[in-house]
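One structure is given here, and the rest of the page talks about it.
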Amino acid sequence: VIYPDSEQAAIAVARQIADLIRQCETEGRPCVLGLATGSTPTRLYEELVYLHQHDGLSFRNVVTFNLDEYYPMAPDSLQSYVRFMHEYLFDHIDIPTAQIHIPDGTIPQAEVNAFCQRYEEQIRAVGGIDLQVLGIGRTGHIGFNEPGSGLGSRTRLITLDHITRTDAASDFYGEENVPRRAITMGVGTILEARQIVLLAWGEGKAAVVKRMVEGDMTDSVPATYLQQHAHVQVVLDQAAGAEL
Ligand code: GLP
């Protein structure tokens, strides 16, 4: 779906998510959302906060799982995804803290594998993800599944691509400060979501959007694996869709 601009796109996706939250509430079951960070979903989160404050949308029935976190990363650090999510969303809505899940960037290395397995089990225990929000990196990553991430990959520690670290350099006041690794849900984890909404804005994403949508499925562009999901929406502004 190509919208005239990212503002209209973000508002439309927020309404779609609000409808899903209300539908789950009516059905008396939890609404499980997979959430992304980065600059792309910020307007979407702002709109969800607006709907909470002005349209009676409650998140008491929502369970969230974030895609990824830098490793190592302290939760109160400026660049942490824990901090990001609280700043843009969680601090402004009525979601119970126990229903929020974000990969823990402070876990000792020897315990990371067990932590990742537990993360997967927690997703399964609540019935799987109803709707997964995704952005896309210039390397074709979803979450932090860099080139080389296969279809069957699960939540794990991954080494970040050079391009990803360059793109994150300004957030960290220099590339040398960007962590070399991250914990991310796998491609296989993401594809198990019942519904996926990938967002991309701006001309900087146009080339990778074209590869994702029109290119062959390959682990050198992990986002191409979305082509085989039965219920995925790619939501773009004009600039991001310009090369399609
Ligand atoms: C980071 C995140 C991804 C995100 C990507 C794009 O690497 N881990 O989940 O999709 O960046 O970021 P942005 O939305 O800022 O372009």
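All of the numbers you see were taken from the coordinates with simple rules; none came from a lab. The model shown is predicted, which means the values in this text are computed figures rather than measured ones. Note: ideal-geometry Cβ built from the backbone for every residue, glycine included; neighbour counts use all protein chains shown.
So which cysteines of the chain have no other cysteine's Cβ under 4.7 Å from theirs?
So, 116.
Spelling out what I want: for every residue of segment 177-190, take phi, set θ = phi - 60°, compute 6.51 cos²θ - 1.76 cosθ + 1.60 (Karplus), and round to whole Hz; glycine and proline get x.
8, 6, x, 7, 9, 8, 9, 9, 4, x, 4, x, 4, 4
Lys and Arg at +1, Asp and Glu at -1: add these up for the other residues within a Cβ distance under 12 Å of residue 205 and post the number. Walk me through the intermediate numbers first.
Values: positive: 138, 210, 211; negative: 167, 203, 237, 243.
Local net charge: -1.
Just to be sure I understand: with springs between alpha-carbon atoms less than 10 Å apart, which residue in 25, 69, 176 has the highest mean-square fluctuation in the Gaussian network model of the chain?
With Cα springs under 10 Å in the chain, the top fluctuation among 25, 69, 176 is at 176.
Taking amide H atoms as placed 1.01 Å from N in the peptide plane, list the residues 5 or more away in sequence, or in a different chain, whose amide H sits under 5 Å from that of residue 181.
71, 160
In whole Hz and in residue order, list the ³J(HN,Hα) couplings for segment 113-127 that follow from phi through the Karplus curve 6.51 cos²θ - 1.76 cosθ + 1.60, θ = phi - 60°; x for Gly and Pro.
In residue order, the calculated couplings are 4, 5, 4, 5, 5, 5, 4, 4, 5, 5, 5, 5, 4, 8, x Hz.
Hey, got the dipole for the chain? About the Cα centre, +1 on K and R Cβ, -1 on D and E Cβ, debye to the nearest 20? Mind dumping the intermediate values first?
Values: 18 positive and 32 negative charges, 99 e Å.
Rounded to the nearest 20 debye, it is 480 debye.
Once you charge only the Cβ atoms, +1 for Lys and Arg and -1 for Asp and Glu, what is the size of the charge dipole of segment 134-200 about its Cα centre, to the nearest 20 debye? It would help to have the intermediate numbers written out before the result.
Working: 7 positive and 7 negative charges, 56 e Å.
The calculation lands at about 280 debye.
Which ordering of 183, 2 is given by a fewest-first count of other beta-carbon atoms within 10 Å?
Listing 183, 2 from fewest to most nearby Cβ atoms yields 2, 183.
Give me the net charge of residue 236's neighbourhood, meaning all other residues with Cβ under 12 Å from the Cβ of residue 236; Lys, Arg count +1, Asp, Glu -1. The partial results should precede the final answer.
Details: positive: 205, 210; negative: 5, 203, 237, 243.
So the surrounding residues net to -2.
Please report the antiparallel percentage of the DSSP beta bridges confined to the chain, to the nearest 5. Let's see the in-between values first.
On the way: 10 of 30 bridges.
Restricted to the chain, the bridges split so that about 35 percent are antiparallel.
Can you tell me, using C-alpha contacts under 8 Å and at least 6 residues apart, the relative contact order of the chain as a whole percent?
22
List the residues whose amide H sits under 5 Å from the amide H of residue 134, counting only those 5 or more places along or on another chain, with H placed 1.01 Å from N in the peptide plane.
197, 198, 199
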